[in-house]
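These notes concern the structure reproduced below.
What follows draws every value from the coordinates through simple rules; no lab data is involved. It should be emphasised that the depicted structure is a prediction, and the values quoted were computed from it without experimental measurement. Cβ coordinates were reconstructed from backbone atoms using ideal geometry, including for glycine residues, and neighbour counts include every protein chain displayed.
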Amino acid sequence: MSEKLCVFPGSFDPVTIGHLDLIERASRLYDEVVVAVLHNPAKQGRFTVEKRMELLAKACAHVPNVSFDHFEGLLVDYMNARNARVVLRGLRTARDFETECQMAQFNLQMAPGVETLFLAAKPEHTHISSSAVREIGMFGGDVSPYVPASIAQEVARLLKPQPKR
Ligand code: PNS
């Protein structure tokens, strides 16, 4: 088991500046940060898992000790397969606290060695979510305040509605 490694799981559909801030802060706490994208066959995301990982890699190009992976099924199974025991999650609001606590408790019950550590989101990021980015972009709004600068144009282009013929 390695405690020098943490896993930051999520949908990242797409990565936001809030996610990036957490990745940067985790990279200063751990030797290695693995960003693990959930591939959920039952819930198709707006971006493919491959594209989400590509966007993550571009956004995190300046972070030396981060790597990217994807997983399917239970997070605890992924953690065990990687021999990892620290799950990192961000908390924005009280609502996050409730759902995240519940998830951490399930994970702790299923895999007693797996601990979830929370980082508080910066106050300026508490309203930012991937779903809001998708909605703003879909209707032609400016997503650049919410996603990392290195991917802002690409995300805007990919979310932009195609003109009807
Ligand atoms: O970015 P998200 O969508 O908030 O991330 C949620 C995620 C991927 C961390 C969570 O849904 C997850 O771990 N899913 C895998 C399935 C699982 O392990 N469920 C049991 C915990 S209730």
Exercise for review: Between beta-carbons, use under 14 Å as the cut-off and find the net charge around LEU56, counting Lys and Arg +1, Asp and Glu -1.
Suggested key: -4
Practice item. Work out the charge dipole of the range 26-165 with +1 on the Cβ of Lys and Arg and -1 on the Cβ of Asp and Glu about the Cα centre, then indicate which of ALA120, ALA26, GLY140 is farthest towards its positive end. Key: GLY140
Practice item. From the C-alpha gyration tensor of the range 55-125, pull out the three semi-axes of the equivalent ellipsoid (sqrt of 5λ each), sorted largest to smallest, in whole Å. Key: 22, 20, 10
Review point. Among 45-57, 67-79, how do they line up from the highest to the lowest mean number of other beta-carbon atoms within 10 Å?
Key: 45-57, 67-79
Revision key, fill the gap. Per the helix-only model, the chain has a calculated mean residue ellipticity at 222 nm (DSSP H runs of ≥4, -39500 (n - 2.57) each, divided over all residues, rounded to the nearest 500) of -13000 deg cm²/dmol
Exercise for review: Report the local net charge at ALA121: Lys and Arg +1, Asp and Glu -1, summed over other residues whose C-beta lies under 9 Å from its C-beta.
Suggested key: -1
Exercise for review: Work through the residues other than TYR78 whose Cβ is under 11 Å from its Cβ and net out their charges, Lys, Arg +1 and Asp, Glu -1.
Suggested key: -2
Check your understanding: What's the percent breakdown of Cα-Cα distances in the range 27-165 across 5 Å bins, shortest bin first?
Key -> 2, 8, 15, 18, 23, 18, 9, 4, 2, 1, 0, 0
Exercise for review: Over the residues of the range 96-158, compute the C-alpha Rg and express it relative to 2.2 N^0.38 Å.
Suggested key: 1.52
Review point. Of the lysine pairs in the chain, how many meet both conditions: Cα atoms under 30 Å apart, and a spacing of 8 or more in sequence or different chains?
Key: 14
